[in-house]
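In what follows, a structure is listed as structure tokens, so that the remarks can point back to it.
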Protein chains: 2
Amino acid sequence: MELTKQLAEAVLSADPLQDERAIQMARNGLLDAAASAFAAKEDEGIQQLMQLIEQEGGAAQIPVIGQGKKMSRQSAALLNGYLIHALDYDDVHSDVRGHPSAVIIPALLSQLTEGKGYGERFLGAYIIGVEVMARLGESIGKAHYERGWHNTGTLGAIAAVCAIGYLKQVSMEELTKAIGFAGAQSSGMRKQFGSDMKPLQAGLAAKTAVWSMDLACSGFGGNDSVLDGALGFFSLYGDLELAKSRLLEGYGSTWRIVSPGLWFKVYPFCSAAHHAADAIQSLMKERSFLPEQVKQVDVIFPPGGDAALIERTPLTGEAGRFSVEYVIALAVFGQTLTLDAFTKKNIPSNMRTWMKRVSRGYDQTTEPHPNAVPKGRFTIVKLTLTDGTTMSKRVDIPQGAPGCALSKEDIIQKLSSVTSASQAQQILQAVEEENDTAYLKWLT
Amino acid sequence: MELTKQLAEAVLSADPLQDERAIQMARNGLLDAAASAFAAKEDEGIQQLMQLIEQEGGAAQIPVIGQGKKMSRQSAALLNGYLIHALDYDDVHSDVRGHPSAVIIPALLSQLTEGKGYGERFLGAYIIGVEVMARLGESIGKAHYERGWHNTGTLGAIAAVCAIGYLKQVSMEELTKAIGFAGAQSSGMRKQFGSDMKPLQAGLAAKTAVWSMDLACSGFGGNDSVLDGALGFFSLYGDLELAKSRLLEGYGSTWRIVSPGLWFKVYPFCSAAHHAADAIQSLMKERSFLPEQVKQVDVIFPPGGDAALIERTPLTGEAGRFSVEYVIALAVFGQTLTLDAFTKKNIPSNMRTWMKRVSRGYDQTTEPHPNAVPKGRFTIVKLTLTDGTTMSKRVDIPQGAPGCALSKEDIIQKLSSVTSASQAQQILQAVEEENDTAYLKWLT
């Protein structure tokens, strides 16, 4: 059987609600996504996007998180996806090499309608979406990301359309065609990292998923085997042979949302710099020093481990989300690694000058920890002070990553720091009650 | 200077309205696009799309061709792009290896507002759009299409955003960012050929262009050199080195809309089958025969010349737009190669059975004609009758292609066959008068 049909069948026949660990993780994922979106509610980009969308008009259908407004289903998916990913504070998944929840949750929220009973299936659909996106990530191969594709964008639409397919329990024909529509609209470039367009690529994937399923359910004509063959999605964006062996191997035995699991972020910047952030802070606890006392910092990755960190001397805090140099400078200058350091404001020139003391290196002889997150990753920070002292710290599993995960209480704390107590309570209630009314209530 | 900035500068500083031949061709192009859209006005897909879009709501801003309705600017771009390309009756361009007008014209129509003076620049903007799309086609390399990308979709958004940039005379910063937004949303798969999604991919590119320019003009943040570098558009979708030598070489010396020029279609199916259509009809004039008197038909292409013809035994007339076997069968069965043969209706089983008598072959020893359209193309149809007679006909430049082009009168005839006389008159008036009022009048 073709991969497209196999995937659709696996999605529609799955029963993730039997797995209590998966449900707990999905609850945490939804709370963390809400926290990430509320943290971005004052973002300048969201205001620009809402103004643009309002010029085009549209029905008031689905709430935009924290904005006190409803937009059309597609527009809400775009805006909520943008919001969740805006600060790069949302979860990542190592199989995806990207951000599953920023695409899947907004696509699902846009389906909610009182009385449909989708609330009961919401967490299950989310589990399925993460599952498909993780499997797409493994199937598309490492070269996909390395060439410059933004996996969150390129894999998100197909994954989210599968999540919607499970939520609405569509037919095989509808789901295979929807996968095809989503696949043929998949895009997103790493070249846009460090700009507003990066989080928008998450929102666009969510919107594409909503629209692709609508197209399929309207009877609009499309190919029902887009993942397959020499001209298909995997051949074009990745490697069909790899996909044949990976896409459905052991489907449903352990949900990917549990293992390797979602990584909830402690810091609001690219996860590839989290190991270094932990390392430098640990070194600073060993001994105190001033920025001018630092002669050199060497940050050692496995080859390719810093691919996402495309900025070396960023101009703004926003671009600094993709700069290990900036993260280390912030720590050494005694600043906290919190939201206010990663805005559109320019980085002070003395800090930018200091960042030149940070060099990157690559080591393929160091053996990664068996449970390293992501697989095969480590970061070693070597510090040389002007007095000749050298210090070194290696991190394989950063705080927040699976193996060093945030507890539900930690995530509630993250949420409470960016919302009102009553809003946090409503979100908690929704993930516990799992019905349409509770879901729609927290959103508004 | 980087390619993105070079392209933006070339677009904004060009003056295509000095070239009378280019303007005449642009007029013909607009008339032919209108004819192609009106021919599709009863299409089932357009009704499904309009219903879906109406569910989302939206302001009534720009008319949808022949539908007596206005939609939001983005939705109108999508719908008009779909309509022009719906029947595969619209122009092609050999440098593009796809359909420039189906993307560029709808994107431009969505900018029209009374009193802006865009009417005066409309044909110039269209010339620029074709220019950029042709140059993108050459720059992206042959492998792009062969791997499975649908050039109309993948190149159309950037080209159309450049056309809009010229129309609105935006700033360099706005245009470079808009190119970046369009580039990062570029998609479209040949796997969707033969389904409604193929023409929708043209409409999606047009919509992406409208939205990308709006994003750029709103100040939303994005990368301003998306075409460049190891992670950029050309590296990702094609070949950056090729692009460096091709994208701007001799820019503006001869407009590509004139040479090699737009190909206006005589038949409503994929241009790759037009040579064979001319050949079989020519053979049938030499000697009359019945379908059952045909033992075998060999259709010989240069290697890869039939890549777009992805259907060998299509089920419906719609899929038959991409089948040289179906085109030859229609002719041999005495049917005309007109719109009514390429609908969603099933192909009769006796005709499908007969189609097995048609074989494809490839010949790399035959020398293509120096003016062949597209470059390097030819098709030889060899007929073997049951009585042993063999006949053969070679075509290098099919009817309608540059070198054998339709005259303005032919195109007006094509237009008049699908619109009322008064509608045709209004469209003619718009391309002659070139002002906002006349353009908006023909659309409504």
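Laboratory data are not the source of any read-out in this text; all were calculated from the coordinates shown. Keep in mind that this is a model prediction, so the values were computed, not measured. Cβ placement follows ideal geometry from the backbone for every residue including glycine, while neighbour counts extend to all protein chains displayed.
By the count of neighbouring beta-carbon atoms within 10 Å, fewest first, A:359, A:288, A:225, B:323 end up ordered A:288, A:359, A:225, B:323.
Averaging 1/r over each pair of different alpha-carbon atoms in region A:271-395 and inverting the result gives 14.6 Å, the Kirkwood hydrodynamic radius. Only sites in a loop by DSSP and with at most 13 other Cβ atoms within 10 Å count here; which chymotrypsin sites (Phe, Trp or Tyr not before Pro) in region B:112-203 make the cut? In loop regions of region B:112-203 (DSSP not H, G, I, E or B), there are no sparsely surrounded chymotrypsin sites (Phe, Trp or Tyr not before Pro).
Per-residue mean of foreign Cβ neighbours for B:205-211 is 1 (Cβ atoms of other chains, 10 Å radius). Mean partner shielding of peptide A:221-229, defined as the number of other chain Cβ atoms within 10 Å of each residue Cβ, is 5. Annotation: amide H of residue A:362 within the under-5 Å range of A:301, sequence separation 5 or more or interchain, hydrogens built in the peptide plane.
Sorted from closest to farthest, the other copies place their residue A:173 label points 5.3 nm away, with each point set 7 Å from Cα along Cα→Cβ. Note on the protein assembly as shown: antiparallel DSSP beta bridges, both residues inside, total approximately 75 percent of the bridges counted.
The Rg/Rh ratio for chain B, using Cα coordinates for both the radius of gyration and the Kirkwood hydrodynamic radius, is 0.97. For region A:271-395, the antiparallel share of DSSP beta bridges with both residues in that region comes to about 70%.
Quick one: dipole size for chain B, taken about the Cα centre, charges +1 on Lys/Arg Cβ and -1 on Asp/Glu Cβ, in debye to the nearest 20.
That gives chain B a dipole magnitude of about 1080 debye.
What is the average number of partner chain Cβ atoms found within 10 Å of a Cβ in B:231-242?
Details: counts 12, 4, 3, 0, 3, 7, 4, 0, 0, 0, 0, 0.
Neighbouring Cβ atoms belonging to other protein chains average 3 per residue here.
The aspartates and glutamates whose alpha-carbon is closer than 13 Å to the alpha-carbon of residue B:70, local same-chain residues fewer than 8 away aside, are A:56, B:54.
The alpha-carbon of residue A:344 sits under 20 angstrom from the alpha-carbons of these aspartates and glutamates, leaving out residues fewer than 8 places away in its chain: A:42, A:43, A:44, A:88, A:90, A:196, A:311, A:318, A:325, B:173, B:174, B:224.
For the set A:345/B:168; A:116/A:441; A:375/A:414; B:116/B:441; A:198/B:244; A:265/A:441, the pairs lying more than 24 angstrom apart at their alpha carbons are A:345/B:168; A:375/A:414; A:198/B:244; A:265/A:441.
Which trypsin sites (Lys or Arg not before Pro) from region B:1-106 combine a DSSP loop assignment with at most 14 other Cβ atoms within 10 Å?
Numbers: sites: B:5, B:21, B:27, B:41, B:69, B:70, B:73, B:97; in loops: B:41, B:97.
Counting only loop positions with at most 14 other Cβ atoms within 10 Å, none of the trypsin sites (Lys or Arg not before Pro) in region B:1-106 qualifies.
Quick check: pseudo-label points 7 Å beyond the Cα along Cα→Cβ at residue B:363 and residue A:421, how many nm apart are they? Using points 7 Å along Cα→Cβ, the separation is 8.6 nm. Select from B:267, A:105, B:368 the residue farthest towards the positive end of the dipole of the protein assembly as shown; place +1 on Cβ of Lys and Arg, -1 on Cβ of Asp and Glu, and compute about the Cα centre. Projecting each Cα onto the dipole axis, the largest value belongs to B:368.
Based on DSSP H segments of at least four residues, each scored -39500 (n - 2.57), chain A has a per-residue ellipticity at 222 nm of -15000 deg cm²/dmol.
Taking Cα atoms only, the orientation of helix A:274-286 departs from the longest principal axis of chain A by about 30 degrees. Dividing the convex hull volume of the alpha-carbon atoms in the protein assembly as shown by its residue count gives 161 Å³ per residue. Only beta bridges with both residues in chain B are counted; by DSSP, about 75 percent of them are antiparallel. In a DSSP loop and with at most 16 other Cβ atoms within 10 Å, the trypsin sites (Lys or Arg not before Pro) in region B:286-346 are B:287, B:312, B:344, B:345. Name the residue from B:293, B:314, B:359 whose Cα lies farthest towards the positive end of the charge dipole of region B:258-407, charges +1 on Cβ of Lys and Arg and -1 on Cβ of Asp and Glu. Result: B:314. Rounded to the nearest 10 degrees, the inclination of helix B:197-218 to the longest alpha-carbon principal axis of chain B is 10 degrees.
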